[in-house]
Ligand SMILES: NC(=O)c1ccc[n+]([C@@H]2O[C@H](COP(=O)([O-])OP(=O)(O)OC[C@H]3O[C@@H](n4cnc5c(N)ncnc54)[C@H](OP(=O)(O)O)[C@@H]3O)[C@@H](O)[C@H]2O)c1
């Protein structure tokens, strides 16, 4: 069924950018909405009680604000940029059942209280538990909102480690992030998320020690060159190489 098939690229069959949804329009959600809007993606925004989504949509050319249910219906790929507790207790009950065939990107970093007593080691696994209908891809959590904005203005591309258990979903998110200009590193299955969530904590501590705050970021060095486009694909599943569509429009 075409309608529920998971997207494996951020473009549709006509080469048009897929509609992205951003749930949570605080510091991180707003920075990502600005970035993807500037990169030409239609962005559907939903915020909380302070009506942050409406204020953000008013100043972004390709963005519209709506309630979370509408955003879930309109977007093929959603970025969950709400605090973990709100994601589980408020967002999941409202839209979790609407997310079949959609990819969910979890950018969260957990508070200790989020994980305490749950038996899980990462926010990503908590989110996967709360959103059983959609494949979860963990990523962008170790890039600060400040760095997203600096990158959007032409700053150096941070490395974004991503984890996930669904091949198409991870491929789609990887391609989206690479199209946006990020360096992406495949960090394996979702259960590895604890390590990239731990990386955020490491960067936070370095930022504190060096007096740089959230200006500290992560870039992976690879001896022997950059990874192939679809490094995680094996020979049975590899398809044609992806060409970012924006570069085709000359
Ligand atoms: N800030 C960063 O640099 C950064 C970097 C990487 C990852 N993250 C992660 O991104 C997530 C958000 O962090 P943040 O710093 O952006 O927090 P924030 O500035 O406090 O924003 C959180 C947003 O979530 C919205 N929200 C709360 N409950 C909601 C609900 N039920 N439905 C829809 N929206 C809801 C709030 O909307 P209203 O304001 O309208 O109430 C608020 O705008 C966290 O998981 C964090 O770990 C943050």
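Within segment 54-62, does at least one residue satisfy the condition of being surrounded by fewer than 24 Cβ atoms within 10 Å (Cβ to Cβ), closer than 25 Å to residue 111 by Cβ and within 7 Å of the ligand (Cβ to nearest atom)? Looking through segment 54-62, none of the residues is surrounded by fewer than 24 Cβ atoms within 10 Å (Cβ to Cβ), closer than 25 Å to residue 111 by Cβ and within 7 Å of the ligand (Cβ to nearest atom). Test residue 80 against the criterion of being surrounded by 16 or more Cβ atoms within 10 Å (Cβ to Cβ) and within 9 Å of the ligand (Cβ to nearest atom), and give yes or no. When the stated conditions are applied, residue 80 passes them. Among the residues in segment 223-230, are any at pLDDT 95 or above and either under 19 Å from the mean Cα position of the chain (by Cα) or outside any loop (DSSP other than H, G, I, E, B) (or both)? No, because not a single residue in segment 223-230 is at pLDDT 95 or above and either under 19 Å from the mean Cα position of the chain (by Cα) or outside any loop (DSSP other than H, G, I, E, B) (or both). Would you check which residues across segment 41-56 are part of a strand (DSSP E or B) and under 21 Å from residue 178 (Cα atoms) and list them? Selection gives 43, 44.
Of all residues in segment 1-40, those satisfying the criterion of being in contact with a strand residue (DSSP E or B) (Cβ under 8 Å, 6 or more places away or on another chain), within 13 Å of the ligand (Cβ to nearest atom) and assigned to a loop (DSSP other than H, G, I, E, B) are 24, 25. Tallying residues that are over 18 Å from the mean Cα position of the chain (by Cα) and in a helix (DSSP H, G or I) within segment 57-83 yields 5. Regarding segment 109-130, can at least one residue be identified that is within 19 Å of residue 18 (Cβ to Cβ) and in contact with a strand residue (DSSP E or B) (Cβ under 6 Å, 6 or more places away or on another chain)? The answer is no; no qualifying residue exists.
The values are calculated or read from the model by the stated rules, or taken from the named source; none is laboratory data. Since the structure is predicted, the reported quantities are computational estimates derived from the model, not experimental observations. Here the Cβ is made from the backbone with ideal geometry for all residues, glycine too, and neighbour counts use every protein chain on show.
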